[in-house]
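The values are calculated or read from the model by the stated rules, or taken from the named source; none is laboratory data. Fair warning: this is a prediction, and the values are worked out from it, not measured in the lab. Don't worry about glycine lacking a Cβ; one is built from the backbone with ideal geometry, like all the others, and counts go over all protein chains shown.
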Amino acid sequence: MNPLNAQFLCRSMTSCGKHALEHLPLELAALGAKKPLVITSKSISTSKRTTHVVNAFKESGLTIGMVDSITASSGIDTLDELTTIYQDKGFDAILALGGPGVANVAKVLNIAVSETDGNLRTLAGANKLTRPLNPLFYLPSGPGSGFETAGEARVDSLKFSSMFLMPDKVIIDPRLMAADTLLPLAAQAMATLACCAEALCTTCNPLVRAYAATGITLVINNLEPALAPLFTPVETRSFFPRANPPNSELTALATAAAISGYLWSNCPGLMAVEMGHALGSLCPTAPGLLMGVLLPTVIEYHHLQQTVEPHSMDRILLALAGLDCYCTTPEGQRFDLALARIRQLTNTLFLNSSGAIPRTLGDTDIAPGKLEQLAAQWAMDQASGQGSHAPGIILAHAHAGQPIKQGGGHVPA
């Protein structure tokens, strides 16, 4: 490893913990902002979580505005309305309170109000933004997929990619956290784990490794405790009430998700993430769950192809299982044990969710023949840079849940 050949760019400052919201006025003032616009959704505003944000500004002397009309389907028309409000009312910063949909709208809105042109169609594409935008803060209301903090955004058919889209500040406060339903929460956590684990295994960059190892540890230590109450049948909960997952665990998962967004912006082309999104268009299973299914097979493929130094692959065990397990496991067994740990996690989630969370691609509703078509399409995509046989091998073994080194496996026709 030669850190002189490594680079890592993260524009976001992350504040996490109790009373993180109380630092909002000071953080905004440091960026010269005096009148922020809070954008959120109806579900957030009706849950009273906006009250915590408003209270943080009570003694600040700053004026804030709020729009709670953001939905998952918000498009150009919504953005035009928000742009008019932002400009006519003299706002100078955006606070995005919510999840992936709100964060995405906030990024695109920031383009529209920051650029002199303001024409989203001419600014769409990669690296069309050449300077910092207006202040943008992201306040997660729960664990996300990671793309909330990445330098990417989209609206309708327009896609944007630039480091300047990353939030200036990510404020993670336990008071804003709320438990999601089972599958979305599991999907978000598995997407985070997939991004962090593959990044850790495929790079010698010491900064990437530090972020990735931290993200993995946060997910592994907090996912199952956070999901445990959601595994309990509704009829059982009515007789034996259980509290929502502790906010400390949701806060940890939200922090891990933010980290994965920073990693994705610095490690584009991670196979588990890209293939999970591609498979998500073929079935109703959430892309994050598909990333979790693909993860052990993708990591094993990298290991067998020897695309990175061998010992860098072993370090995933340290992040997954801790120092004691790492040190007491012989060097030659570390990588296999790491893969076994990941597969054990997905098997446990499958069992506890009564099969709702898949262990393999065979557990999903992907139509026969679709995997073969996707493998052929992926092999033709030169951007993957992994060799023409990689997609077929990975999809075949992920479908069967079979390690690559055992041989066999075929893409269902």
Exercise for review: Only one of these is assigned by TED's automatic domain parsing to the domain that holds Ile216 and in contact with a Pro (Cβ under 8 Å, 6 or more places away or on another chain): Ala187, Ala194. Name it.
Suggested key: Ala187
Revision key, fill the gap. Counted residues in the range 180-207 being of a type outside the set (A, V, I, L, M), within 11 Å of the chain's Cα centre (by Cα) and over 25 Å from Arg334 (Cβ atoms) come to 1
Practice item. Determine, yes or no, whether Tyr301 is touching a residue at least 60 places away in the same chain (Cβ under 8 Å), of a type in the set (Phe, Trp, Tyr) and within 29 Å of Ile171 (Cβ to Cβ). Key: no
Exercise for review: Determine which member of the set Arg242, Arg315 is in contact with a Leu (Cβ under 7 Å, 6 or more places away or on another chain), of a type outside the set (Asp, Glu) and either modelled with pLDDT under 90 or not assigned by TED's automatic domain parsing to the domain that holds Arg359 (or both).
Suggested key: Arg315
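For every residue, the table says whether it meets (1) β-branched (Val, Ile, Thr); (2) farther than 25 Å from Ser43 by Cβ; (3) surrounded by fewer than 24 Cβ atoms within 10 Å (Cβ to Cβ).
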residue: Ser114; (1), (2), (3): no, yes, yes
residue: Arg121; (1), (2), (3): no, yes, yes
residue: Val170; (1), (2), (3): yes, no, no
residue: Leu185; (1), (2), (3): no, no, yes
residue: Asn205; (1), (2), (3): no, yes, yes
Study note, to complete from the structure: Selection from the range 304-323 of residues free of Cβ contacts under 8 Å to residues at least 24 places away in the same chain and of a type in the set (Val, Ile, Thr) yields none
Exercise for review: Of the numbered conditions (1) within 30 Å of Gly32 (Cβ to Cβ); (2) out of contact with any Pro (no Cβ under 7 Å at 6 or more places or on another chain); (3) among the β-branched types (Val, Ile, Thr), Thr149 fails exactly one; give the number of that condition.
Suggested key: (2)
Practice item. Among the residues of the range 164-210, write down those that are more than 24 Å from Phe8 (Cα to Cα), in contact with a strand residue (DSSP E or B) (Cβ under 8 Å, 6 or more places away or on another chain) and part of a helix (DSSP H, G or I). Key: Leu176
Practice item. Output the residue which, of all residues in the range 268-278 that are among the hydrophobic types (A, V, I, L, M, F, W, C) and touching a Ser or Thr at 6+ places or on another chain (Cβ under 8 Å), is surrounded by the most Cβ atoms within 10 Å (Cβ to Cβ). Key: Met271
**Study point:** Pairs where the first residue, in the range 324-336, is assigned by TED's automatic domain parsing to the domain that holds Met313 and under 18 Å from Ile404 (Cβ atoms) and the second is of a type in the set (Asp, Glu) and at pLDDT below 95, C-beta under 6 Å, 6+ apart
**Key:** Arg334/Asp314; Phe335/Asp314
Practice item. Would you please name the residue that is nearest to the chain's Cα centre (by Cα), looking only at residues in the range 319-363 that are surrounded by fewer than 18 Cβ atoms within 10 Å (Cβ to Cβ) and among the β-branched types (Val, Ile, Thr)? Key: Thr348
Study note, to complete from the structure: When Gly146 is run through (1) touching a helix residue (DSSP H, G or I) at 6+ places or on another chain (Cβ under 7 Å); (2) at pLDDT below 90; (3) under 24 Å from Cys196 (Cβ atoms), the failure sits at (2)
Revision key, fill the gap. Taking the range 245-264 and keeping only residues that are crowded, with 24+ Cβ neighbours inside 10 Å, more than 11 Å from the chain's Cα centre (by Cα) and among the hydroxyl-bearing types (Ser, Thr, Tyr), one is left with Thr251
Check your understanding: Among helices (runs of 4 or more DSSP H) lying entirely in the range 278-391, which contain 2 or more residues that are farther than 30 Å from Ala228 by Cα and in contact with a Gly (Cβ under 8 Å, 6 or more places away or on another chain)?
Key -> 370-380
Check your understanding: Got a number for residues in the range 121-175 being over 19 Å from Val273 (Cβ atoms), touching a residue at least 40 places away in the same chain (Cβ under 8 Å) and either in contact with a Lys or Arg (Cβ under 6 Å, 6 or more places away or on another chain) or small (Gly, Ala, Ser) (or both)?
Key -> 3
